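Chemist: Pasting a structure below so you can have a look.
FYI, it's all coordinate maths here, none of it is from the lab. What you are looking at is a predicted structure, and each value in this text was computed from that prediction instead of being measured. Quick reminder, even Gly has a Cβ in these numbers, built from the backbone with ideal geometry, and neighbours come from all protein chains shown.
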Amino acid sequence: MQKILISACLLGQPVRYDGQSKGLTDPRLARWQAEGRLVTLCPELAGGLPVPRAPAERQGTRVVTVQGQDVTDAFAAGAQAALQLCQAQGIQLALLKEGSPSCGSGQIYDGRFAGQRVTGEGVTTALLRAHGIRVYSETQLAELALALGEG
């Protein structure tokens, strides 16, 4: 059975920077969870960041909070934790939160804290993809189902 790494916030865990979640309600997700396919992780928590925490955005290769604190090392540590988990469990698919400086897979915020998204990927997504792990966002559940052979 193919396992899927999933952002903890997508399963309703209040781990986002603001102490909230972004829980998804979808029958496919519920089925995958019941089947034991989902392996939950919040890379930002795994990297040592607290909840709540200051909003952060990517600025080139760095990740910086709205107050200007460089938190790149914590984001990199969380990405490494995600990769190690995937490698340990043979995970080749991930479902991660779009827009996040860790997990964004197609868009991230532009680094100016103005609410504007740009094409880009989060730190964790970039590392996972560099190691051949396919990353999907919460808007791509149909594509993920196809990758699982659920045509």
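Chemist: Looking only at residues that are assigned to a loop (DSSP other than H, G, I, E, B) and of a type in the set (D, E, K, R) in the stretch 135-151, which one is farthest from the chain's Cα centre (by Cα)?
Modeler: Top of the filtered list is Glu150.
Chemist: Can you name the residue in the stretch 115-145 that is among the aliphatic types (A, V, I, L, M) and under 19 Å from Ala46 (Cα atoms) and, of all such residues, is surrounded by the most Cβ atoms within 10 Å (Cβ to Cβ)?
Modeler: Out of the qualifying residues, it is Val123.
Chemist: Identify the residue in the stretch 82-114 that is more than 16 Å from Leu38 (Cα to Cα) and among the aliphatic types (A, V, I, L, M) and, among all such residues, is surrounded by the fewest Cβ atoms within 10 Å (Cβ to Cβ).
Modeler: Top of the filtered list is Ala114.
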